[in-house]
Structures are given as C-alpha cells and as structure tokens.
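Take a look at the structure set out below.
FYI, it's all coordinate maths here, none of it is from the lab. Values in this document were obtained by computation on a predicted structure and should not be read as measured data. A quick note on method: Cβ atoms are made from the backbone with ideal geometry, for glycine too, and the neighbour counts reach across all protein chains shown.
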Amino acid sequence: MSMNRRRFLKAGGTLLAAGTLPISIVNASFGRSAHESFSFAYISDSHITHIKGNEFVRNWDRGLIRAISECNLLTPRPDFIIYGGDLAQLGTPEEIDHALDLMGGLRGKVHYVMGEHDYYLDLGEYWRKQLGPDHYSFDHKGVHFVVLNSILTYDTWTHGPWETPMARMKAMARLDNPNGSPFMVGAAQREWLRRDLDRVNRNTPVVVISHSPLQKIFKGWNFWTEDAEEIQALLKRFKTVTVLYGHVHQIQYNQIGNISFHAVMATAWPWPYPASYAQAESHLPKLTIEMNRADPFFERDATGWQMINLQTGNVDMHYLLADNRNRSVVFDRKLKRPLDARYRADADRIPPQVHF
Ligand SMILES: [Fe+2]
Ligand SMILES: [Fe+2]
C-alpha cells in the first residue's frame, strides 16, 4: 500500500466520523520537520440572504447550520476554523448579524475572510465593525498563515457614479457581472504582505487564504485576481506555498511554480447552479449559466466539504460532496503538482476505486 493510500484511508476514518458536511478539515503534518501536525476546518460561501423582517432564505441558512453542527462534532477538535468569505448575500447588517448569530453556535476560534458579497454595500464597514481587520497573519505550530482581502477593485469603479450603494453591490454580485470589475488585492495590501513575509524563513510552510483565486482562471466570471502575478512573485522565495480560496463554489486545483492552489466548496450553492434552483429565483443571483451536473431532487447537490492533509507542506485535498461521489486532489511528489485521484490517467498509483 502506498503512503498516499495509507494517508488517504486514514483521512477517510476522520471523515466518516464527521459525516458529509459542507466544511473542510485540514490536517497539517510535517513529518521529520519541526512543525507539529494539526487540523483546521474550513467553511465558506454561505450567502445568508435576507427576504424581509426576520425571514431569510432557508436553504442557505440550512447549509451553514449543517456545517456548524457537524464541525462541532469533529473529533479531534480542529485547532481553529477558517470562514472563507461571502457570509452574506448583499452585505446588509441584517444578513451579517443573522449569519454571525448562526456562527455563534460554532465552537472554536474562527478566522474570517472578506468576500465581495460582504463588501460592496458599505465597503466592508459593518463586517469590519463586527469581525475586525480584513487582512492579517498568524503563526500556528510552525506554519505561517496569511489572510488577504482579495476582492477590492479599481477605485474609479468602487467610487463611480452609483445611484445607491446597493446598485454597486448588485453589480458585483452576479457570476457573469457585465457591470462588475476585476478583483484585486491592491498596492497597499501588497506592500503590507511584502513586509509581513520579510520576517518569515523560506523553509516555513506558508498558507495564504483569500476569497478570490490568487490566479487568473476566467475573467468573465471574476474567477480572477487582477494582481495575481504580483502576489505570486512575493511568495516565490518560499519552499512550499499553498493558496486556499472560496468564491468559485466548485472544485479547482492548480500548480504555478512553488504554489499549490485549491478551492473550497460553498455551503450555499454550486457554481453554476442547477436550473432547478430557479424555483427560488427571487432569492438567487440571476440564473444566467446552468450547471450540467445537477440533481434536481437534491438541493445540496455539488455543495460539500474537503479534508486536507498537509504533508511536508504540500496539500492532499479530499472532497466530500453531498450526494455525489467523493474526490481527492493529491499532491504528486514526482510531478510536483496536484492531481485528481479519480480522474488522473495513471490510476496505478492511487486506484480509482478507493473512496470512503
Ligand atoms: Fe460565494
Ligand atoms: Fe465571492
């Protein structure tokens, strides 16, 4: 049995205890190095949506509630939880308050990431009032974590002639937002990041957490960060770097130089979402692109969670998809990049029938 498979099965045991839930469990293990092993959970993109009065879209509430309750049952306890952004749908105090009411049921320290849905109504003012700074770093058991606000954009767009702050919010809220603007980290935060990383040894594993991908995937859907290359350049001198991001509501992985990229799933809906979701049309972003993998009888189709092993700093990511077959994206040490364990061509190394 290969080491990869042993690790995978070990991970499976952890997951079975947790059930199928829309969060990520991250196990960090650094073998012979000085770093300690630990795990953390990851919940993202709940899009809590206010209807009126004390009414909120129940489906999105249920996704977050389920993640929180399953997270509370995890044994061993994750060291902390990352919330990956898009807590709210339109960034109103009602939505943020309701989401934080729900999050109040979560045991453990939570590190929050700013999403565009949290930001573009009041430029993050209420979110920051409740949750603190939108970019920061911390060290945990030998790993350096950096959280960035990657959903800023050009000042001319942000401060453009919007009729109302809500008009600006809605222009950014769509998947294929024709009136939107590309995301970016921006010069001020890049300078902060440069100084923050200055004090970190190149052998220290670095995990960067953002809402949008710090790579350019597809500009039309804003799966994009305008200054991605500049951020990647700041990370270049480190031996092992992992970028974890939300926003895309789907499985994605990539390797650019020394940096492994992994997306996390949403607790709300998958992008693009199934046509069947149109029955709740008034409470969803406008359905412009239909997904092609919908199970119309299952409201949580293609939402899910992942467990991540960080072996010597590299990520092995195990996705548990609600009502779908599980998938694993495993770092291939020979090829030096992540590969999908089920769909990879060279199935000898990790048999495709291995799942839990
Ligand atoms: Fe989102
Ligand atoms: Fe987003």
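Between rounded, prolate and oblate, where does the range 108-245 land on the alpha carbon gyration tensor, with a ≥ b ≥ c its root eigenvalues, rounded for a/c under 1.5, else prolate if a/b exceeds b/c? Judged from the Cα gyration tensor, the range 108-245 comes out prolate (a/c at least 1.5, a/b above b/c).
Net charge near residue 114, counting Lys/Arg +1 and Asp/Glu -1 over other residues with Cβ under 11 Å of its Cβ? Charge balance in the 11 Å sphere: -3. Across the cross-link table entries 239/336; 219/334; 109/141; 219/336, which are compared at the Cα atoms, the separations over 20 Å belong to 219/334; 219/336. Other residues whose C-beta falls under 13 angstrom from the C-beta of residue 50 contribute a net charge of -4, scoring Lys and Arg +1 and Asp and Glu -1. Here the range 80-125 and the range 131-177 have alpha carbon centers that stand 12 Å from each other.
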